[in-house]
1. Of all residues in segment 22-52, how many are open to solvent by less than 40 Å² (accessible area, probe 1.4 Å), more than 9 Å from the ligand (Cβ to nearest atom) and not in a loop (DSSP other than H, G, I, E, B)?
2. Of all residues in segment 1-21, how many are open to solvent by 70 Å² or more (accessible area, probe 1.4 Å) and either near the ligand (Cβ under 6 Å from one of its atoms) or within 19 Å of Y63 (Cα to Cα) (or both)?
Amino acid sequence: MECKKETNLKSRCNCSYPICPRKGICCDCIAYHRSHGELPACYFPPEAERTYDRSIEYFIEVYKTKR
Ligand code: SF4
């Protein structure tokens, strides 16, 4: 199976962290954040994504306050 990195970068990845080598490589991205008890950038709305806090606790906090 071919890597969809270019498609992911164009239409799926919202990550604003500038120097990450995993950008657009979703399998590496989710594995990295999962190993740290986190979620990838695409789970967060833009203003929350830009904090670079990828914790599950922050994800829950963001979505609790959006209701
Ligand atoms: S979410 Fe994390 S691993 Fe994924 S591209 Fe952004 S900084 Fe890299």
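1. Qualifying residue count for the region: 1.
2. Qualifying residue count for the region: 1.
The values are calculated or read from the model by the stated rules, or taken from the named source; none is laboratory data. Quantities reported herein were computed from a predicted structural model and do not represent experimental measurements. Backbone-built Cβ (ideal geometry, glycine too); neighbour counts: all protein chains shown. Calculation scope for accessible area: heavy atoms of the full protein, side chains included, ligands and nucleic acids excluded. Shrake-Rupley method; radii C 1.70, N 1.55, O 1.52, S 1.80 Å.
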